[in-house]
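Chemist: The structure follows.
The values are calculated or read from the model by the stated rules, or taken from the named source; none is laboratory data. Just so we're clear, the structure is a prediction, and the values are computed from it rather than from any experiment. Because the Cβ atoms are built from the backbone with ideal geometry, glycine has one as well, and the counts that use them run over all protein chains shown.
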Amino acid sequence: MPTVTINGTSVAVTQGTLLLKAVQNAGIHIPTLCHHDALAPYGACRLCMVLITAPRRALVASCTYPVEEDLAVETHAPEAVQARRLALEALLARCPGSDAIRKMAEKEGVTASRFSLLSHEHSDELCVLCGLCVRICRDLIGAAAIAFVGRGSERKVGTPFDLHTEACIGCETCVDICLMDVLAPNPEEGMPPVVAYPDECWFCGSCVDMCPQEEQGAGLKER
Ligand code: SF4
Ligand code: SF4
Ligand code: FES
């Protein structure tokens with residue numbers, strides 16, 4: 001069993017344990033967003049950064065870092081706290097209206113962001129791109145019905161072409177795992193797909209009536 005020194009205290013951990021888990025088991029809180037025990041390590045949000053001081057000195061994402069013999073870590077070294085605050089500032093800039101992010105940031109001492117990543121039209125953005133929904137749908141449910149689409153500030157979770165997909169089995173696991181309340185169950189009873197609805201869609205149905213392609217119109221209607 002490797003021995004790891006966490007904030008000056010030595011603890012024995014099982015080989016292969018992730019550093020985040022070792023830290024949590026030691027009763028130390030560090031913020032996380034994209035990590036889930038049921039999913040493979042991802043390392044996207046950078047909220048769980050810690051400073052390892054042996055066998056080398058480096059800032060690492062603890063959720064992707066497997067423990068090794070004689071590892072030493074300082075979870076609240078100034079560099080680590082600074083890295084986590086920087087990640088929270090980036091998230092605040094992306095989702096300025098998110099209560100969940102604001103609360104998380106305040107807990108870490110961040111009340112404002114120095115960044116401005118999005119234009120005003122995105123001020124209602126809630127998705128932090130943690131990928132939990134996409135990964136659980138693909139890796140645990142086995143449906144792969146949703147994915148990240150678009151680039152940069154336009155990146156979002158959706159189905160191919162934002163349309164109804166036969167791949168979705170309507171299990172709503174993606175809805176349950178989303179901490180940001182971005183995903184919602186399909187409002188139409190009896191319709192299985194549960195996807196990230198674009199905020200601008202009112203489900204008025206006009207597109208279905210106007211669509212010259214009968215097949216595509218039917219597809220839109222199903223959604
Ligand atoms: S509801 Fe559909 S998109 Fe969501 S996890 Fe289940 S299969 Fe995937
Ligand atoms: S929709 Fe929710 S779970 Fe999916 S990436 Fe965005 S914040 Fe994460
Ligand atoms: S929880 Fe570690 S990078 Fe997101």
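Chemist: Name the residue that is farthest from Ala100 (Cα to Cα), counting only residues in the stretch 31-50 that are crowded, with 16+ Cβ neighbours inside 10 Å and within 16 Å of ligand 1 (Cβ to nearest atom).
Modeler: My answer is Leu39.
Chemist: Residues being within 12 Å of ligand 2 (Cβ to nearest atom), farther than 22 Å from Glu89 by Cα and crowded, with 19+ Cβ neighbours inside 10 Å: count how many of those fall in the stretch 135-157.
Modeler: 4
Chemist: Identify all residues within the stretch 143-167 that are in a loop (DSSP other than H, G, I, E, B) and of a type in the set (D, E, K, R); write none if there are none.
Modeler: Within the stretch 143-167, Arg151, Arg155, Glu166 meet the criteria.
Chemist: From Ala100, Ala83, Ala54, which residue is under 27 Å from Met180 (Cβ atoms), away from ligand 1 (no atom under 16 Å from the Cβ) and touching a strand residue (DSSP E or B) at 6+ places or on another chain (Cβ under 8 Å)?
Modeler: The unique qualifying residue is Ala83.
Chemist: Still on this structure: Within the stretch 50-71, how many residues turn out to be of a type in the set (A, V, I, L, M, F, W, C) and away from ligand 3 (no atom under 12 Å from the Cβ)?
Modeler: Total meeting the criteria: 6.
Chemist: Still on this structure, I have one more. Go through the stretch 31-95 and tell me which strands (runs of 3 or more DSSP E), entirely inside it, have 3 or more residues that are of a type in the set (S, T, N, Q).
Modeler: Ranges flagged: none.
Chemist: Sticking with this structure for a sec: Let me confirm something: among Cys168, Cys130, Cys211, Cys207, which residue is modelled with pLDDT of 90 or more and either over 19 Å from the mean Cα position of the chain (by Cα) or under 27 Å from Thr32 (Cβ atoms) (or both)?
Modeler: Matching residue, one of Cys168, Cys130, Cys211, Cys207: Cys130.
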